[in-house]
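FYI, it's all coordinate maths here, none of it is from the lab. Everything numeric in this text was worked out from a predicted model, so none of it was measured. Glycine also receives a Cβ, built like all others from the backbone with ideal geometry; neighbour counts cover every protein chain displayed.
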Amino acid sequence: ATAISFHGTRQAGVLAPQQPATHLLAFDLPRTSAAADRKTLREVLGALTGTLATAASEAPADPRLQSGATTRLTSLVGIGPAAAARLRLDVPASLAVLPAFPGDRLDPRRGDGDLLVQLCAADRWTLTVVAELVAAAARSAGAVPRWTQSGFMAPTAPGTTPRNLFGSKDGTANPDRAAADQWVWGPSGAHRDGTVLVYRRIHMDVAGFGALPEGKRDRVIGRRAGDGSPLSGTAEHDEPDVYAKNPDGSYVIPATAHVRLASPRLDRGARMLRRSYSYDDGPDDRGLLFCAFMRDLNQFVRVQERLATRDALNPFVQHRASAVAYVLPGAGKSGTLGDGLWT
Ligand code: HEM
């Protein structure tokens, strides 16, 4: 395996094949004056660009990253909606703090933030070391740490879909490259190589869901746990047909099934790129770090409005933290992340 370059028109943390482990870090800016915070943000982005580029290189300077194995570190850096508004940064118009959804139990100490960094790598060691370098760089440039969260993925053969803690294949119906150009990356112009990240820390009642009979679990999701195939089809990558009916007139994919309510067919084809991880934070808190990338934040809002009120998964899940960020376009070899923010 070779290192994945930090440099490029788009940040590698969105595009590179999903890595087994993740670590997210959020920071705030000090909130002095808008002018002073703009200066701080510039310095923080400069420091992060240098730190992340070095950490991802073939020969990272830190001895702890010289294990002889290639870490395949990838990263992404994003700007939160409150900071973007306060500092009048050039971000997509849809970027905003999310509305409250029914059932939300959000802990502000585990969510939001002016600056979001997501690290992904093959192993936890690399993430811990790089997270420390990132935090030191951001701090010395003036940012204030807000929260961190680590996550992991089920062992998954290349080209196959990872399972979440409910046992379902999760990430099957993701956009292909052409659909991603339309629904994930910005429109032509300044935001073409940027995207909007929605992060939700979702607690899962693994035992409660597991206690349902298998057929019931499959009807909650709308797909078969075994092979991930939709109830309307036979193979994992068959598109769920939300219009298919049983002889008695009921829907094959039940009316409140998760994949029906999240279906692009209810949303003029809109798709988000989901790259979620699992988390395990003690004896009674396990779940999903839902991470989805999209052109327009309203893509998430429309789906979550349907899910929050009707999803058959709701008795088994609870949204406990939330963050939104504009994932910046990538930086070329001589560039700095955020070069396009300063209008
Ligand atoms: C599909 C699980 C939360 C949006 C799926 C699938 C599973 C799943 C098993 C089917 C396989 C796949 O296509 O990936 C979960 C679990 C959640 C959760 C366990 C909470 C713990 C959410 C949230 C959203 C969402 C919060 C967005 C608001 C979607 C979308 C699809 C999907 C867009 C694809 C639908 C399609 O194109 O067929 N989810 N999900 N999910 N989910 Fe979720």
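Which angle from 0 to 90°, rounded to the nearest 10, does the C-alpha axis of helix 34-56 make with the longest principal axis of the chain? On a 0 to 90 degree scale, this one is about 80. In the chain, the longest principal axis of the Cα atoms and the axis of helix 298-310 are about 40 degrees apart.
Its Cα centre serving as origin, the chain has a Cβ charge dipole (Lys and Arg +1, Asp and Glu -1) of approximately 440 debye.
Over region 12-327, Cα pairs under 8 Å with separation of 6+ residues give a relative contact order of 26 percent.
Projecting the Cα positions of 179, 303, 15 onto the charge dipole of the chain (unit charges on Cβ atoms of Lys, Arg, Asp and Glu, taken about the Cα centre) puts 303 furthest along the positive direction. Using θ = phi - 60° in the Karplus curve 6.51 cos²θ - 1.76 cosθ + 1.60, the 3J(HN,Hα) couplings for region 92-106 round to x, 4, 6, 4, 7, 5, 5, x, 6, 10, x, x, 4, 10, 7 Hz; x is entered for Gly and Pro.
In order along region 129-139, phi translates into HN-Hα couplings of 5, 5, 4, 5, 5, 5, 5, 5, 5, 5, 4 Hz, rounded to whole numbers, per the Karplus curve 6.51 cos²θ - 1.76 cosθ + 1.60 with θ = phi - 60° and x for Gly and Pro.
Nearest 500 deg cm²/dmol is fine: what mean residue ellipticity at 222 nm does the chain get from its DSSP H runs of n ≥ 4 alone, each adding -39,500 (n - 2.57), divided by its residue count?
One gets -7500 deg cm²/dmol as the mean residue ellipticity at 222 nm.
Taking label points 7 Å from Cα along the Cα-to-Cβ direction, residue 301 and residue 2 give a separation of 4.3 nm. Across region 251-275, the residues whose backbone nitrogen lies under 17 Å from the label position 7 Å along the beta-carbon direction of residue 309 are 255-258, 260-263, 266-267. Treating each Cα of the chain as one equal point scatterer and applying the Debye formula with no solvent, the log10 of I(q)/I(0) at q = 0.06 Å⁻¹ comes out as -0.21. The calculated FRET efficiency for the pair residue 318 and residue 216, based on their C-beta separation and a Förster distance of 25 Å, comes to about 0.80. Using θ = phi - 60° in the Karplus curve 6.51 cos²θ - 1.76 cosθ + 1.60, the 3J(HN,Hα) couplings for region 201-207 round to 8, 10, 5, 10, 7, 5, 5 Hz; x is entered for Gly and Pro. Taking +1 at the Cβ of each Lys and Arg and -1 at the Cβ of each Asp and Glu, which of 69, 317, 294 sits farthest along the dipole of the chain towards its positive end, judged by Cα position relative to the Cα centre? Working it through, the farthest residue towards the positive pole turns out to be 294.
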